[in-house]
Each structure stands twice: as structure tokens, then as C-alpha cells.
1. Show me, for the range 234-242, the HN-Hα J-couplings you get by feeding each phi into the Karplus relation (A = 6.51, B = -1.76, C = 1.60, θ = phi - 60°), rounded to Hz, glycine and proline as x.
2. Long-range amide H contacts for residue 676: which residues qualify at under 5 Å (H placed 1.01 Å from N, peptide plane, sequence gap of 5 or more or a different chain)?
3. Could you order 198, 161 by accessible surface area, starting with the largest, using a probe radius of 1.4 Å?
4. Compute the distance from the alpha-carbon center of the range 398-451 to that of the range 173-193, in whole Å.
5. Subtract the Cα-Cα distance of residue 451 and residue 523 from 0.36 nm times their separation in residues, and report this length gain in nm to one decimal.
6. What accessible area per residue comes out for the range 347-414, rounded to a whole number of Å², with a 1.4 Å probe?
7. Roughly what would the spin-label model give for residue 644 and residue 700, points 7 Å off Cα along C-beta, in nm?
8. Of the heavy-atom accessible surface of the range 396-522 (probe 1.4 angstrom), what whole percent is carbon and sulfur?
Amino acid sequence: SSIQVFAGRTLSLVLLAPFSPLTASFTMSDEEVEILSDPGSVGTELEDVEEYELPEGLSYVGQAAGEALNSQHLKYRNVCWNVTHGTVVGDLAQTPPGIYWKDEQINEDLENCHSDYFPELMGEVISRATEWVDFTSLGAPTGKFLESIAKALKNLSDSGTSVTVRFLTGNIVGMPTDNNELLQQLTTFPGYELPEDTNIRLWVGSWRKGLSWNHSKIIAVDGKYLFQGGHNVWDPHYLQKNPVRDVSMEAEGQVTQDGHVFANRMWRYIIRKDQQYWEMKDKPGWVPTIRKGRISVKRFPREADDYPPLYEASDPVPLPDAMAEGKLPMITIGRYGSLHFPDDTANPSDSAIVAMLKSAQKSIKMSLQDLGPLAVPPPLGPKAIPTGVWPKDYLREIASAIYERGVDVHICLSNPNSIPADLSMTDANYGNGWSCEDVASEIVKAIQEHFPDAEEDRLTGLVGVNLRVAYLRGSCGDMDWQERGKAGNHAKFFIVDDIAYYVGSQNLYIANLAEWGIIVDSEEQTQKVLDEYWNKLWGSSFEDVAEEERDCNVDNVLAGRELDRNPMDASEYTDEELEAMLLAQQGSGMGGPKGVLTVWLKRAKNLRDADGAGGGSSDSYVKLRIVDENGRTVCHTHQSKVMTDGGANPHWNEQFTFEGLAAPCSYTLKLSVLDKDSLFGLDGKVADWLALEDKLGAASVDLGTLSNTRTFQDMELVIADGWFVDSTISIGLNTHGGWGN
């Protein structure tokens, strides 16, 4: 038998005995509730683990990371972290290629072909498979990425070999992966159509749990061939003009097995939840759901099993034996976000990164998108959005390295709000909005927090000598960020003491997503990567830049310590700041989903006082729903927060996303503005039961009148006629460029 906990902390069991039911109740802990209500959580089955001794052969940087993992996350070994080995294949995979840092430039002739090698390489790795392919990414592939993957699948099919292919993506809030469409694109791409009698078995799955989803980028083939790093698979972002810069790596050997195993846990979650979410079974991926999580899995061909098998790793070769054969020590580190349980031992990669930074004795070199949370953009910001936090653990270790040990810290960041190709801010936004001086100031503040006796003269000396922060600069070609060459950066890459480096999917700003990457613990290999990538990047972005044009001014950094960049409560923001913040949040997504509408509920004006004398001003809120031509609600409704004593002019500044609109242009958006009544000023459920909620007004929008655009379409709607002035509500509607006129 099985038990499912729907709500609450007290579980009642009704046992159907032969003659009469027996009822028993008992109180459960939060952990027990979590285990029963979410059996897919990682950690619920991993309590009994054997002690593990780190192998010989690691540097002091690798040893520090391994000890943190072993002491804090032992039960996740061989699940989302492992000390292993492998061979790095070729150069670090950069887009654009490394020749475009300084000497070569991307011009009109190269605008759409400068990085074509990259999707071709991904397809070539997939085409090597004889047994198994795991592919994980944030979203579905587009353009040349999609073509290369479809071509690789066709090659596998034509080989006649039976190959298991598991294709997994994240389900981003507001734009879930349409796995039916993705499956069709992969199997019917023109020129690379797969026959129904193919020997390959393909499953396409995606997941979201709360605000967690997959963000790893892995291609693992046959437990032998691996390709992973920071790249998403979106053509306009990487393969056209003004491309965002990124790095991934190719490897071979035993390290590949860890990529398969990491994917296993996410697939296990998808399978278990799909079995539980019976109402979503066999529904298209875009169909709306009222659940906080979203999963979907589809298969090809039809006779394939409902769910893919789990990968079984072979027995490992000990690290010392592998090193004797020329293999390099590697540590795979991952995290599953909200899939992890319990919290105190969750997300091993976070601890490994902290330990690496703590081990630094000479230098830390970082190429990152950002270190700070998403910010309200200038001119009103930057300020952290509500719930946005700075990575205190990382900042602490960077600060300690600089102040205590004199470590040189060089950080190369994306230029704030960088937008590649001809995309808009709602399509792509690389850089969270912080300047180099903002980041440097937060590091200096961390030094003062942990070393309150630090003298001002010494702090001044550290900035610009030990601590250097720069924006990434490209080649200044006609089609590569002409304005001072300041480009977008999507890399997740750092080097410690020039003896070990990390390449993977994990940003160092806080985002509770599923991530995976590799620590390559080899001084010789690190020197090679320094020559291939870092020295070119830092030369172009800092060393070759005139001192007066560099991005960090010491005086500005020290003065910036007075600024509070931490988040404020939403109620403390002005209306203009809240609107800017919501636009910034919108811009951090991919954009362009089909059948999705985002409603930006801004404010109302001139609402009547529904409570009357003695009742206080109206406690207004808004209900939003979408109906078809027959007036039937087509998806779940939304409700705004209640503006207690909000008065005649309440400001909500909230966004609501409707997913899975099959025919949005034929639908109507309905808005009802209501007063949360509290009878004669009484609060609580009694008053709500005695008094009906008052309707302050209503309005509707014919969605067939909206334009196909990625920007918000603003409108002010009359919700109630007045004697002297009308009551109105201000909203913005965004079709994300997925539908409309």
C-alpha cells in the first residue's frame, strides 16, 4: 500500500479491517512529511552509506574540496559528487573561438558562422553512441543546435544500433518545455526524420519543483564520452552577431559515468511524479497545472516503454591506478536544488566551491556572469530585487583570501544587461545589473565584516592590487560588441592557484537550481587552459586596457561601501522602482514561449470606499481569469495580494503568468476588483463568513487585439463609471513574442 500526504502535519490512517474501519492518528515531523509527500526527493533513500577515504593524488585544492564533500555530503557520493578521473579532450570549447579575443574580429561575413563548430561538435559527440546518450539542458535547442542534435539522432538510427537516449530540460516558470513539440522537432527535422521502426529509444522529459529546475548542461555518451559546461543550446544567443561568450569542455573516461548518474536522479523524480500526477498523464507539455511543480515525459517510438531505464555505472578504476595510466584527477560536483532532502546536507557543489576558495594561497581567477543577485536596473538601481541575496559564503572566502593570505583575486564579469543578436531585453539578459565597482565594494565590505579592525590604508592598498574586477571585452568587430568591445559573459569558470579549475553550469550568484560541473585537479592541464582562455580573456578585458579606461576606480569602490545593495521589502520600493524590477525579472528569462500570457498588474485609481463609515478604507485585491468564447474558464485563475486599507489608489505591482493557452487570440482576460470585506471592521474568518466580498469594478481585454511582441503592452481600463471620475486599473500584457497580431 502507499500513503500520500496532501496537507497538514497530522496523518490519519483508516485501516479497512474485515468488520469495521480502524482509525489512528499521529503527528509527523517536517522531515517525515517531506519523505511521504515527495518520495522523489534526493536523500530519502540514502541514509546507509559506507565511510569513504579520499584517494591519494589530489592537490591541496582538490583535497580541500574532497574533504568538504566527504565530511558534509557523504551520502550523496556517487549520486551528485565523486572523486574520479578522465582525460580532457582538445582545447577548452569557447564561443566565439579563442581567436576572437583580440586579433581576429567577427565581421559581416562571419556574422552567422563564427561558432558553427560548436553545435557540430556536440552532434559529433552524440553520434559516437552505441548504447546510451544523456542530454541535459536548461531549455529546448533552437536553430543549428537543434539541427545538429537531430542529425546525430538520425546517424544513430541509421547505424541500426539499439541506443537509449534521455533528453532532459528544465521547466522554467512561465515557459514550460513543450515536450510534444520538442519530440516532434527531434524526430521529424527535415532531412533527418526518424523511422517508426528505429532501434533507438528516445525519451524527452522536463521538471520543475517550486522555483527549482534543471540548469545543468551535460552530454554523456556510453559512459565514455562527455561534453559539459555553461552553454545553453539557443542559436541567437551564441551563433549570431554580438554573441554571448561561454565555455564548456570535452572529456573522456570514467568521469562520464558521473554525468549519467547525475541525470538518473532527475529522471527518477520525473518518473515518480508522472506516476502520481495522473491528471497530467499523456497531456501536452504546455497544458496548465495548478501544482507548484511541473513534470512531463514523452517517448518515441510509440512502442517504447513509458519511462526510460536508469543508467547503471560500472565498477570504478581506483584513482592512483588511473593516474599511472595518464588519467587526470577530477572531482564531479553537483546539486539538485529543491529536489534535495534534508537541507543541512543538500547541494554538495556549494560546499566544494567554498572549500576551493578557502584553500587559495596565491590566486583566484574567475570568469562569471555575475556575483550579485538580479538587480533593479539603472537609472533607478541597482538595488537587489526582493528575495535577492548576495552569496555571503563565497564573499567571505574571497575576502579572507585577500586580507589574510594576500591572494590576488581577478574577476571578469558580464557587462550589465548584455543582450546578444537582435534580441530584446525580455529574450536575453546576461548580467544581473551590477557594476564592477558594486561587486568590488561588496567584497571590501565582507573584509570589514569579518576583520573589523582592518585599517583604511590597508584596504585602499588591497583594491586595485590584490582585487581587480573587469568587464569582459571582445574583439570590437563590426558584429562583436563594437562599443568598447564590452560583451556578455555566461561562463561559470574559475581557477585556484593555477593548479585546479572548475568548468560547469553553476553560477556563483544564488539560484537554487540543479547544477553540475567538474573540478580538473591538474597543474599541467590548468596551465594549458590559462593559455587557451584565461590569459586571452584577462589580457583583452584588463591588461591591455588603458588604466584610465579600466572598470574599477579605487575611490569609487571605497565610497561604494556606504551603499546598501541588499534587498528591501517590496513595500519600500517606489512605483517606478517596482516596475523596473519586474521588467528586469522578465528579462532574465529566455522569452518567446507559445501559449503564454504574462499579466502585469500595476495599480488602480479612484476606487470607491466599499467599507463605508467606520469600516476603514477598502482592502482591495484582483481576481484574474481567462475565458473562451463561451465564457468557460480555460486555465487556473490568479488572485493578487490584498492591499489592506489600500485606499482609492492601491498599487499591486505583481506579475501573473498563464500557461498553456491553446488558442489565446480567441480568449478574453477578465479582471474583477474586489474588497476583502471585514464586517463592521471585524477581522478573521467569522467576518468573512458573515459578509460577502464587495465588487469594486471589473474589466475585460480581448486577447485577439494584442500584438506579437516581447514587450509589455500597457493599457488603462475603466472598471467602474463614476459621477465625476471613472475608476480605472492599469495593467501590462506580454505575449512573449509567441503569439498575437
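The values are calculated or read from the model by the stated rules, or taken from the named source; none is laboratory data. Note that the structure is predicted; figures quoted are calculated from it, not measured. Note that each Cβ is placed from the backbone with ideal geometry, even for glycine, and that neighbours are counted across all protein chains shown. Surface accessibility is based on the protein's heavy atoms, side chains included, excluding ligands, DNA and RNA. Shrake-Rupley method; radii C 1.70, N 1.55, O 1.52, S 1.80 Å.
1. 10, 3, x, 6, 10, 10, 10, 6, 6
2. Counting only residues 5 or more places away or on other chains, the set is 619, 620, 621.
3. Numbers: 198 5, 161 45 Å².
The ranking, largest first, comes out as 161, 198.
4. Taking the Cα centre of the range 173-193 as reference, the centre of the range 398-451 is 37 Å away.
5. So the extension gain works out to 22.7 nm.
6. That works out to 29 Å² per residue.
7. In this crude label model, residue 644 to residue 700 measures out at 3.5 nm.
8. Working: 1600 of 3610 Å².
Looking at the range 396-522 in its full context, I get 44 percent from C and S.
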